[in-house]
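Below is one structure, written out as structure tokens; comments come after it.
Any read-out appearing in this document is the output of simple, stated calculations on the displayed coordinates, not a laboratory observation. Just so it is clear, the model here is predicted, and its values are computed rather than measured. Cβ placement follows ideal geometry from the backbone for every residue including glycine, while neighbour counts extend to all protein chains displayed.
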Amino acid sequence: MKKKIALLIVAILSLSVLAACGGGTTETATTEPAETTEAEDPADDTEEAPAVDTGDREEIMFWHYMNPEADGAIIAEMINEFNGIQDDIYVHVEFLPRDELMRQFTIGAVSGELPDVGMVDNPDHASFASMGIFADITDRFNAWDENQFLEGPMNSTILDGRIYGVPWASNCLALWYNVEMLNEAGVDVPETWSELEEAARTLGSDDVFGLAISAIGNEEGTFQYLPWLLSSGGDVNHMDSAGSMESMEYLHGLIEEGLMSREVISWTQADAQAQFAAGRAAMMINGPWQLAAMASDAPDLEFGVARVPRADDGVHASVLGGENLVITDVGNVDASWEFVQWISNPENSVRFNIGRGTFSPRSDIDNEVVFADDPFLLLFAEVLPDAQPRGPHPRWPEISNAISTALHEVLTGQKDVETAMTDAQATVDEINAE
């Protein structure tokens, strides 16, 4: 077990796992990690907060990676409220860029220097839980009167039948389209891959590509590829199946015909959004977290959203993004659990997610009612219950790397589809056999 954990730590530190879950701003998604060493305090480069008289209250530390000047503002507001409504617990909060927070979690598996409560991207949850840094809250969770969550988000918190966190925010992917471009060309919003291909062919020109996606060689690329994989009947444990290879062949065909830019292999989701906002792509695959960037970059652009087109003989598919809350096993578990219950209760879950354009992962909250007056967010709310989680798997970062590597190899022409997918499956098989 110790050997596996050591290998996992090395894998997570070496892999580039940029924010793919969305839910933040473009700035948050592309922030570079701070230059630190294991001996450095992650707060060294942040302005020290003034001392607070907490009296006899128990103090806990909460780490998050949401930009304080953007969607992190709602966190500060809610924590200030929590600190003001009771006399037993005081929550200190610290922002770290996402990559740095993940790095500090990994280092903390060895050093034990961890916060009491933390935020984690849901596909990474099982990896960190397998290191033993998260408290097992199964009994506390089962005794909680408000423990109702959607199956996909909830599954991301579970490892070996035990619960190591609480879902906090959810999102998923959809097709965005430029309304004016489609109307002028007389193109209907595509439902299937064939319709998407034909629409992209009609809408494309010397200055405009039909479709923009992120196919970068990291978790963002994996996140964006999975709806295609799932729609064709493929899955991450059978990358060499006919359905899996069909999905990769389809994307390769869009590149070869010029319906997507070859530059998608280096585009983040923020880059795809920039292409769409600038009118250089008629359609894109992206998430609701790009709404703020669109309002800033292209306030007059009329756009719509629809489900990611399905394989002609397949089903619509989307992938779960979002964040979970965790309590570390070296922290004050009792006080942390009180805070996590409060900030995750139905009222605060809605408040928090509305404040940042994401969706409550609670099953007792009807997101379609919450966003009934917003056609844009309503579509994502309709898709969310069927969105599939990535993993959960304690070695998901390595599996994801195998997937995004295959995608990169095919789209750059380094390997044909069969070779790339067979190689990816061999890696997945090796991981699952250990």
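List of remarks:
- Net charge of neighbours whose Cβ lies under 9 Å from the Cβ of TYR65, counting Lys and Arg as +1 and Asp and Glu as -1: -3
- Phi-derived couplings, Karplus 6.51 cos²θ - 1.76 cosθ + 1.60 at θ = phi - 60°, listed residue by residue for the stretch 284-293: 8, 9, 6, x, x, 5, 7, 4, 5, 5 Hz, with x used for Gly and Pro.
- Sparse-neighbourhood loop sites, GluC sites (Glu not before Pro) in the stretch 81-156 - DSSP loop, at most 16 other Cβ within 10 angstrom: GLU113, GLU146
- For ASP206 and ASP235, the FRET efficiency from 1/(1 + (r/R0)^6), where r spans their Cβ atoms and R0 equals 41 Å, is about 0.60.
- Count Lys and Arg as plus one, Asp and Glu as minus one, and take only other residues whose Cβ is under 11 Å from that of GLU418; the net charge is then -3.
- Estimated 222 nm signal from helices in the chain, with DSSP H stretches of n ≥ 4 weighted -39500 (n - 2.57), rounded to 500: -13000 deg cm²/dmol
- Percentage relative contact order, the stretch 139-234, counting C-alpha pairs under 8 Å, at least six apart: 12
- Neighbour counts of C-beta atoms inside 10 Å place MET248, MET78 in the sequence MET78, MET248, starting with the fewest.
- The angle between the Cα long axis of helix 2-14 and the main principal axis of the chain comes to about 60°, on a 0 to 90 degree scale.
- Whole-Hz couplings from phi, Karplus 6.51/-1.76/1.60, listed for the stretch 252-266; x for Gly and Pro: 4, x, 4, 5, 5, 7, x, 7, 10, 5, 5, 6, 4, 5, 10
- DSSP-assigned coil residues among GluC sites (Glu not before Pro) in the stretch 241-341, each with at most 16 further Cβ atoms within 10 Å: GLU257, GLU302
- Most fluctuating residue given options ASP312, ASP136, ASP145, as computed from a GNM of the chain linking Cα atoms under 10 Å: ASP145
- The stretch 77-205, dipole about Cα centre (Lys/Arg Cβ +1, Asp/Glu Cβ -1), debye to the nearest 20: 400
- Legend: ranking of residues SER194, SER214, SER130 from fewest to most surrounding C-beta atoms inside 10 Å; resulting order SER194, SER130, SER214.
- GNM top mover of ALA242, ALA282, ALA420 - the chain, alpha-carbon springs below 10 Å: ALA242
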